[in-house]
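What follows is a short report on a single structure.
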Amino acid sequence: MASRGRRPRLAEVRRAEPRDFPVVARLLHRSAEDMYDRFAGGSERALALLERSLAEPGNASSADVVWVAELDGRVAGAMAAFPVSEAVARSRGFLRLAMRVIGPRRWPTALYLFWVGARASPSPPARAFYVDALATAPGFARRGAARALLAEAEGQARTRGLPAVALDTAISNAPARALYAGAGYSEVAYRAAGRGLPGFVALVKPLR
């Protein structure tokens, strides 16, 4: 029988490894499912693209910028994050990879969504560590995986001498907004829905 007051096991955070790629691809997809599916032409193509991107360095979802949180020996959450100064180069790296993977018939739609998506969310501060994607696996909600990953982002920012962590989420995503508010993030900018995309809210947490 478990003793009273026993603390729940904390999530362990580490870099994503090749053995994680299939589940991490599903988690990154979960973070912006509709956008990825429209971009790649369906969920299967989107998942294949994301798994491929994890194995290729230099893009916005390559394994060198992805961390996972483990609970009970399983990947409970994943986060793609990097300095804002790398965002443009990494986004273009993802686009170049996508152009090779999804085929010429999807290029016009993918290019349009890339252009619109880049303008859909408010711009983060130039000197910040940016959380580009964050998702928790089904069955692991409210068990600390997301908070552990946010703590890792803050640690990475401090290591790089960056004074803040920035991220954004859909205005309609009330659970995510509540999570970020509880973790000390302030909503600093908003962008209304338009061009087939939801509205977005930008959040920032200054680090002391």
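The values are calculated or read from the model by the stated rules, or taken from the named source; none is laboratory data. Only a predicted model underlies this, so the values are computations on that prediction, with no experimental measurement involved. In this analysis, Cβ positions are derived from the backbone assuming ideal geometry, glycine residues included, and neighbour counts consider all displayed protein chains.
Observations
- Close pairs from the stretch 35-53: first at positive phi and in contact (Cβ under 8 Å) with a residue 24 or more places away in the chain, partner assigned to a helix (DSSP H, G or I) and surrounded by fewer than 22 Cβ atoms within 10 Å (Cβ to Cβ), Cβ under 7 Å, at least 6 apart: Gly41/Ile102; Gly41/Arg106
- Among the residues of the stretch 125-145, the one identified as free of Cβ contacts under 8 Å to residues at least 60 places away in the same chain, touching a Leu at 6+ places or on another chain (Cβ under 7 Å) and surrounded by fewer than 20 Cβ atoms within 10 Å (Cβ to Cβ) is Arg127.
- Pro122 within 25 Å of Gly199 (Cβ to Cβ) and free of Cβ contacts under 8 Å to residues at least 24 places away in the same chain: no
- Residue check, Leu27 within 14 Å of the chain's Cα centre (by Cα), touching a residue at least 60 places away in the same chain (Cβ under 8 Å), part of a helix (DSSP H, G or I) and crowded, with 18+ Cβ neighbours inside 10 Å: yes
- Across the stretch 7-24, the qualifying residues are those that are assigned to a helix (DSSP H, G or I) and among the aliphatic types (A, V, I, L, M), and the one among them that is nearest to Ala153 (Cα to Cα) is Val24.
- Residue match in the stretch 90-108 (condition: surrounded by fewer than 18 Cβ atoms within 10 Å (Cβ to Cβ), under 21 Å from Asp168 (Cα atoms) and in contact (Cβ under 8 Å) with a residue 40 or more places away in the chain): no
- Residues within the stretch 101-146 that are modelled with pLDDT under 90, assigned to a loop (DSSP other than H, G, I, E, B) and within 18 Å of the chain's Cα centre (by Cα), tallied: 5
- Within the stretch 173-190, residues that are of a type in the set (Asp, Glu) sit with their Cβ atoms under 9 Å from residues that are assigned to a helix (DSSP H, G or I), at 6+ positions apart or across chains, in these pairs: Glu187/Arg177; Glu187/Tyr180; Glu187/Ala181.
- Per the conditions (1) touching a Ser or Thr at 6+ places or on another chain (Cβ under 8 Å); (2) buried (at least 17 other Cβ atoms within 10 Å of the Cβ), the sole criterion not satisfied by Val84 is (1).
- If you go through the stretch 163-192 and keep only what is crowded, with 21+ Cβ neighbours inside 10 Å and not in a strand (DSSP E or B), you end up with Tyr180, Tyr185.
- Looking across the stretch 7-46, the residues that are out of contact with any strand residue (DSSP E or B) (no Cβ under 8 Å at 6 or more places or on another chain) and of a type in the set (Gly, Ala, Ser) come down to Ala25, Ala40, Gly41, Gly42, Ser43, Ala46.
- Considering residues of the stretch 70-100 that are among the aliphatic types (A, V, I, L, M) and part of a strand (DSSP E or B) only, the residue farthest from Thr136 (Cα to Cα): Ala81
- Counted residues, the stretch 152-172 - those being over 14 Å from the mean Cα position of the chain (by Cα) and at pLDDT 95 or above: 11
- Enumeration of residues in the stretch 38-51 that are in a helix (DSSP H, G or I) and either at pLDDT below 95 or buried (at least 18 other Cβ atoms within 10 Å of the Cβ) (or both): Arg38, Phe39, Ala40, Arg45, Ala46, Leu47, Leu49, Leu50, Glu51
- Matching entry among Val116, Val75 (being over 19 Å from Gly58 (Cα atoms), in contact with a helix residue (DSSP H, G or I) (Cβ under 9 Å, 6 or more places away or on another chain) and among the aliphatic types (A, V, I, L, M)): Val75
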